[in-house]
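I have placed the structure first, in the form of structure tokens, so that the comments after it can refer back to it.
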Amino acid sequence: MNENINRVKNNSNKNKYLIESITSKIFLLSAFISVISLLLIIGFVFYKGSIPFISKGYSFIDFLLGTEWVPSADKFGILPMILASVYATLGSLIIGVPVGILTATFIVEVAPKSLSKIILPAVELLAGIPSVLYGIFGLAFLVPKIQKIFNLPKGQSLLAVIIVLAVMMLPTIITVSETAIRAVPKSYKEASLALGASKTQTTFNIVLPAAKSGILAAVVLGVGRAIGETMAVILVAGNSPAIPSSLMDSVRPLTTNIVLEMGYAFGTHQEMLFATGIVLFIFIIILNLILSMISNKEEE
């Protein structure tokens, strides 16, 4: 009897070890696939984008600092696209970050539960709207308003891009910031209030600084959304490959330049579009590193 019980236990243990071994290998395979996929994408883009500079004699400095993008004339300068992407990202951050953080603060610290239960689903619904619908809304409503208010020949402009991107990054910033603010221990607020601070002082001097790492993470995700957005930007940017001198100028960011021309490009033209993707990739990495450094300093 005891021998049968021991056999059953041994078989059960063997099955458990076998299942654990298979499960760990599945997890390893999944991680391996993810890493390999990333490396293949990066490798392919860098390979295609480096061909003009390695084998065809084009200058990478001229590519970065050139102001003319005329593929038919063999002119490939992406400085206007770089500046358009930088201006659009910074402008959307200036609008979107304060609005997003204040909205998250209102939901957690100010709004009654009945109201916050309405606002949160609305924000989540905003995140679920396809980006092309943002672009259509901007083209049908925002662009004509800008054209009329500023008396412009057309309303497709850098200002329209900034507003659309700011609205699109709001759901990310609000939801992540709201989670970070809720994670702040109640004892922090209770101690501040007990020392005589008002609720507003406690919110801005205690709660938000305590949640700064999560808020900075929200900003990083918002930046990623702003830089990588394409469909909405195409519809409201005007797609002019010239250096913008004001908010009312038409622009063509890096992502838009790739999408507009990749469908029919070939040869050197196509390779230069891949090189544009390399610049965009490096641009995103630099921004993320800067924000990570700021986050690390704040944590210290």
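The values are calculated or read from the model by the stated rules, or taken from the named source; none is laboratory data. Owing to the predicted nature of the structure, the values given are computational and were not obtained by experimental measurement. Because the Cβ atoms are built from the backbone with ideal geometry, glycine has one as well, and the counts that use them run over all protein chains shown. The protein model used for the area step is the full one, side chains on, heavy atoms only, and it has no ligands, DNA or RNA in it. Shrake-Rupley method; radii C 1.70, N 1.55, O 1.52, S 1.80 Å.
Miscellaneous remarks
- For F76, residues with placed amide H under 5 Å, excluding near neighbours: V70
- Within the chain, longest stretch clear of exposed trypsin sites (Lys or Arg not before Pro) (DSSP loop, no more than 13 other Cβ within 10 Å): 155-300
- Probe 1.4 Å - accessible area at F53, Å² to nearest ten: 50 Å²
- Chymotrypsin sites (Phe, Trp or Tyr not before Pro) lying in DSSP loop within region 228-300, provided at most 11 other Cβ fall within 10 Å: Y264, F266
- Under 19 Å from K25, Cα to Cα: lysines that are on another chain or at least 8 residues apart: K14, K16
- When the Gaussian network model of the chain links Cα atoms closer than 10 Å, the mean-square fluctuations of P112, P52, P253 top out at P112.
- 11 Å beta-carbon shell around M169, net charge (K/R +1, D/E -1): 0
- Options I285, T103, A275, ranked by Cα towards positive dipole end of the chain, top entry (Cβ charges): T103
- Accessible surface for L102 stands near 100 Å², nearest 10, in the context of the full protein assembly shown (1.4 Å probe).
- By the Stokes-Einstein formula, at 1.567 mPa s and 4 °C, region 1-157 with its Kirkwood radius over alpha-carbon pairs has D equal to 56 µm²/s.
- Most fluctuating residue given options V220, V35, V143, as computed from a GNM of the chain linking Cα atoms under 10 Å: V35
- Accessible surface of region 38-134 [probe 1.4 Å, protein heavy atoms]: carbon and sulfur percent: 75 percent
- Each helix, a run of at least 4 DSSP H residues, gives -39500 (n - 2.57); summed and divided by the residues of the chain, these come to -24500 deg cm²/dmol at 222 nm.
- Each of (1) 22.7; (2) 19.1; (3) 20.0 is a candidate for Kirkwood radius over Cα pairs in Å; the one calculated from this structure is (1).
- Exposure of T179 as accessible area (Å², to 10), given a probe of 1.4 Å and all protein chains: 90 Å²
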